[in-house]
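One structure below.
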Amino acid sequence: MNDDQTINLLWGIGALVLVVSALTARRVSFGMLVRSFLGWAAVAAIAWVAVVHRYEIESAFIAATERMGLAEQTTDGETVRIRQAPDGHFYASVTLDGTPLRMMVDSGATITAISAETAANAEIDTDDSRFPVMLTTANGTIAAKRGNVDRVTLGAITTHDLGVVVSPAFGDVNVLGMNFLSRLASWRVEGGTLILVPPPPNPSAI
């Protein structure tokens, strides 16, 4: 056991002792103590499951809202429609190499940008042999690494070998940029809805 693990164990034991002492001082019965412990253990277990399976839960939630007609994103044939969010942006349910996530569609972004966490979860490799890309953002100039996503799926739309930039400076923001939109047959905004039309079926075109 390393030093960090030892410290964490001591903190845990100390916290448990404090809780038990507080309950004892209030003359709480042993049965109540056990029930309280089991209750907190159940809460911790649910939180752990939610974190580990967050992508599967998100996919199930999206599927359920689509069935109820409440989804922000719908597919009509091969055309994808995305309703504008209250903050004025359009958020797409996308999969990158099979990993589902929510991405903001931004025609002002030249290239698709993903966070370092997203790149790790989707197992997207970056090219460390090339100089980083310098990007100008609202928070200043940042350095980002180049990478490629083998397969990007948005509703009925699928494209391959999409270039991306990756940086921890993006935080938890993932942006679908013009290098994706330019591959479509067309895209437009009508009445607060973003409409994405895929190109005709042609393996060499997408």
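The values are calculated or read from the model by the stated rules, or taken from the named source; none is laboratory data. This structure is a prediction, so every number in the text was calculated from the model and none was measured. Don't worry about glycine lacking a Cβ; one is built from the backbone with ideal geometry, like all the others, and counts go over all protein chains shown.
Counting the residues of the stretch 163-206 that are in a loop (DSSP other than H, G, I, E, B), among the polar types (S, T, N, Q) and modelled with pLDDT of 90 or more gives 2.
When 90, 37, 61 are screened for being modelled with pLDDT under 70 and surrounded by 13 or more Cβ atoms within 10 Å (Cβ to Cβ), only 37 passes.
Checked against (1) under 17 Å from the mean Cα position of the chain (by Cα); (2) buried (at least 18 other Cβ atoms within 10 Å of the Cβ), residue 151 passes all but condition (2).
For the stretch 166-188, the criterion of being in the same structural domain as residue 104 (by TED's automatic domain parsing), touching a helix residue (DSSP H, G or I) at 6+ places or on another chain (Cβ under 6 Å), touching a residue at least 12 places away in the same chain (Cβ under 8 Å) and under 14 Å from residue 112 (Cα atoms) is met by at least one residue.
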